[in-house]
Structure formats: C-alpha cells, structure tokens
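Have a look at the structure below, then the notes.
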Amino acid sequence: VDVFQGWCGPCKPVVNLFQKIRNEVGSDLLHFAVAEVDSIDALERYRGQCEPVFLFYTGGELVAVVRGADAPLLQKTILKQL
C-alpha cells in the first residue's frame, strides 16, 4: 500500500517498478493499492511525513514498512515477502 498525504499525492516514480514486478511474478500473487492518510483513521500515525511510506501486508497482517522511494529496497522487500 502506497500511503500518501493529499498535499503531495501518491509516489508516481515507483508505479513502473510495481508494474514490472507484478508482470514478473504474476498478478495473482501481488496486489498494489494507494491510501490517503488524511481520510483513513487507521493510518493517522503516518500523517505529517514528507516521504512516501509503503506498507506490506500478508494475510491481513502488516509484515514490512519501507519509508522513502528507494526502488532497490522496495523491490527487495516485495520479493522477500513473496
């Protein structure tokens, strides 16, 4: 989940990375979403941050968090969680 604030929008530079990985591993294994922290109370702790935050869930449980648009770290985290 790409967690963003309304004033800065979702992290567009990593969209291509996500699409590339999803094409490589298959669409059944990997799903991406975006969520605006200003409208979701459960994400309140991520408000007021100027860097993007990516949350990784497996079976409904939060399993990893990546702060910042670090493409190599995001790819490593995604592949590790798969």
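How many of the residues making up segment 28-71 are within 15 Å of Cys11 (Cα to Cα), over 12 Å from the mean Cα position of the chain (by Cα) and modelled with pLDDT of 90 or more? Going through segment 28-71 one residue at a time, the tally reaches 0. Scanning segment 29-42 for residues that are assigned to a helix (DSSP H, G or I) and open to solvent by less than 100 Å² (accessible area, probe 1.4 Å) yields Val37, Asp38, Ser39, Ala42.
Collect the residues in segment 11-28 that are open to solvent by less than 50 Å² (accessible area, probe 1.4 Å) and either among the polar types (S, T, N, Q) or not in a helix (DSSP H, G or I) (or both), keeping them in residue-number order. Scanning segment 11-28 gives Cys11, Gly26.
In the set (1) closer than 21 Å to Ala71 by Cβ; (2) of a type outside the set (Phe, Trp, Tyr); (3) out of contact with any strand residue (DSSP E or B) (no Cβ under 6 Å at 6 or more places or on another chain); (4) at pLDDT 85 or above, Val15 fails one condition alone, (4). Residue count for segment 44-78, restricted to those that are touching a helix residue (DSSP H, G or I) at 6+ places or on another chain (Cβ under 9 Å), assigned to a helix (DSSP H, G or I) and surrounded by 15 or more Cβ atoms within 10 Å (Cβ to Cβ): 4.
The values are calculated or read from the model by the stated rules, or taken from the named source; none is laboratory data. Note that the structure is predicted; figures quoted are calculated from it, not measured. No Cβ is skipped: glycine too gets one built from the backbone with ideal geometry, and neighbour counts run over all protein chains shown. What goes into the accessible areas is simple: the full protein's heavy atoms, side chains included, and nothing from ligands, DNA or RNA. Shrake-Rupley method; radii C 1.70, N 1.55, O 1.52, S 1.80 Å.
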